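Below is one structure, written out as structure tokens; the observations come after it.
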Amino acid sequence: MRVSLGHAICASLLLLMLPLSGPFNPHQSFLESGSFETQYSNDSGSSINFTSSGGSGLAISGEPAHVGDKLFATLLVSNSGNSSGTVSLHIFSEIYAIEFQGEFVEISPGSTREVSAPFSPSSPGENQFYWWLSVVEFGDYFPLEGNISVEVMPSQNLNLSIDKIEWKSDSGLNVDASVFLSYGKSREIILEVSSLSQGSIELMQRIELESDPGRREINFNLGHPNAEEITIEAIPVLWQPSNTSENMTMSLVKEPLVDSQSLIIAVEFTPEDPVPGKEVLTSVSVENTGTYMVKSGEIRVIMASDRTILAQTSVQSVMPGSTIRTDLNIPIWPEGDRTDLEVQWSTSEVVVSSYYSIDANSGDEGLDLPFDIIAAGYGVLAGVLTLLVGTFVWRAVSTRTPSTSDLTLRETKQESASFSKIEKREIQCSYCDQRLMVPSDHDGGVRCPSCSMEFIVGEPQEDSPRVVRSSVDTLSCPECEQVLRVKLEKRPVMSRCPVCKTNFMAESEGE
């Protein structure tokens, strides 16, 4: 029907006659609650008529509700007029005077559309709301309106705790946490794990999950982070926990220390006998025999005399039971017949060193000779000829037929030959298998010219030498704990530490 001026005046009179008691409504209607039909038209003959489709009324989704939850009010609206109209749904909290408005929806003539609006209750208990449908084209036209009551429960508690922290050398940092949600609805939460190191915060893990009421245990495997403190936060998704909730927790963590005895450094120099002033390639291998990952660090080749760094490079971390190898170039080998070096591996938590004494090559390659090479050649040739002549004469005299006057010559030759057989004996280096000739009656220290290592031959000079045993090729000096390499197949053998010069007996484990 068409609303005329007379009808409007009558409606105004009736509105003045209504009692003032009851809840406050921003738009008081002729009906206390529910919905009604009203048609609006203008002079051009266009009309809109919005009604609740099928008398379904306002529907609420999201219950049972807790304080702070987002609920949705939905209304099916039909347009029986001859013009399109744009409407939106409004929800008004009578307790806190807060208005919620939904999105605008255009409804064509003869069409039915769903119109909705989100709203949130602010207090536990019964919450009263007033609702109405507004039309954009006609600001004072409210075809549908009414009242609703929603029963609201208190906000749920969300508590988070760290139950156990363990940092293992093999699996890394493990954190056991618990999430507790009080009685009510299942909730979506986000768990964020962050690390704090030197004032810098880094997000390590982020997990989205749906938590049911009760307690839930969650394990985080964080590897080997660079962290001083671990923080875990439970973030609610589209809901509000109670003010007494404790949804953030933190704990200090400390990374376990690395045992320096679990790192073994081995070094090879190419060439083995460097030439002073020339370039030398140094190959360094680091073996981790422990059960904990060693962080990345630096390898340095240092002169033991004045602590000059000859070469250095950065190297990666070393996992348990693995070995890494890296090459360093020493551009200029130091001057001198022998160079004492320290090869050092250093990280933020451990420093391990290995010591070496390297003999230089005294060859004349590339040197200018201070004499005439041709004259030297003639001199060498003359010397060789003189030696050959002397040898020939000596053999002729020593091997001639014996006589009463020459017996002493043959006896002298035989005695000399016998003496030469017992004068020296052949031994084998304990470190590099080099074959050496030493005096047969020599007991004590011998230096190998190939690997420059010292070891003991013959009877030990000490009354009661120290004994060091191991089941691998490497063992530690009993005096300075320097890591040395003595092959198992050479043991037992007297050895000598090249650093502190201590003599000891190297034996295999179980001997």
When both residues are 6+ apart or on different chains and their Cβ atoms are under 7 Å apart, which pairs have a first residue that lies in segment 125-138 and is in contact (Cβ under 8 Å) with a residue 60 or more places away in the chain, and a second that is among the acidic types (Asp, Glu)?
Gln128/Glu94; Tyr130/Glu94; Trp131/Glu145; Trp132/Glu145; Leu133/Glu145
Among the residues of segment 48-67, is any part of a loop (DSSP other than H, G, I, E, B), more than 30 Å from Tyr183 (Cα to Cα), in the same structural domain as Leu144 (by TED's automatic domain parsing) and modelled with pLDDT under 90?
yes
Going through Gly68, Gly62 one at a time, which residue ends up being without any contact (Cβ under 8 Å) to a residue 60 or more places away in the chain, in contact with a Phe, Trp or Tyr (Cβ under 8 Å, 6 or more places away or on another chain) and at positive phi?
Gly62
Only one of these is exposed (fewer than 13 other Cβ atoms within 10 Å of the Cβ) and either in the same structural domain as Leu341 (by TED's automatic domain parsing) or assigned to a strand (DSSP E or B) (or both): Met437, Met494. Name it.
Met437
The one condition in (1) basic (Lys, Arg); (2) over 30 Å from Thr244 (Cβ atoms); (3) touching a residue at least 40 places away in the same chain (Cβ under 8 Å) that Arg113 fails to fulfil
(3)
Regarding Val499, is this residue of a type in the set (A, V, I, L, M, F, W, C) and assigned to a loop (DSSP other than H, G, I, E, B)?
yes
Exactly one of Ile230, Ile218 is over 18 Å from the mean Cα position of the chain (by Cα) and in contact (Cβ under 8 Å) with a residue 40 or more places away in the chain, and that one is Ile218
Could you check how many residues of segment 97-110 are surrounded by 13 or more Cβ atoms within 10 Å (Cβ to Cβ) and either under 23 Å from Asn243 (Cβ atoms) or in contact with a helix residue (DSSP H, G or I) (Cβ under 6 Å, 6 or more places away or on another chain) (or both)?
2
So for segment 202-211 (the condition being surrounded by 12 or more Cβ atoms within 10 Å (Cβ to Cβ), free of Cβ contacts under 8 Å to residues at least 24 places away in the same chain and touching a Lys or Arg at 6+ places or on another chain (Cβ under 9 Å)), does at least one residue qualify?
yes
Among the residues of segment 270-300, write down those that are surrounded by 14 or more Cβ atoms within 10 Å (Cβ to Cβ) and without any contact (Cβ under 8 Å) to a residue 40 or more places away in the chain.
Glu287, Asn288, Thr289
Of (1) in a strand (DSSP E or B); (2) under 30 Å from Tyr356 (Cα atoms), Glu233 satisfies all except one. Which?
(2)
Would you check which residues across segment 163-196 are farther than 30 Å from Val67 by Cβ and either assigned by TED's automatic domain parsing to the domain that holds Lys295 or surrounded by 15 or more Cβ atoms within 10 Å (Cβ to Cβ) (or both) and list them?
Ile165, Trp167, Ser169, Gly172, Leu173, Asn174, Val175, Ser195, Leu196
Can you work out which of the residues in segment 256-290 that are of a type in the set (D, E, K, R) and farther than 17 Å from Thr339 by Cβ is modelled with the lowest pLDDT?
Asp259
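The values are calculated or read from the model by the stated rules, or taken from the named source; none is laboratory data. If you're wondering where the values come from, they're calculated on a predicted model, not measured in any experiment. FYI the Cβ positions are ideal-geometry reconstructions off the backbone, even for glycines, and counts take in every protein chain you see.
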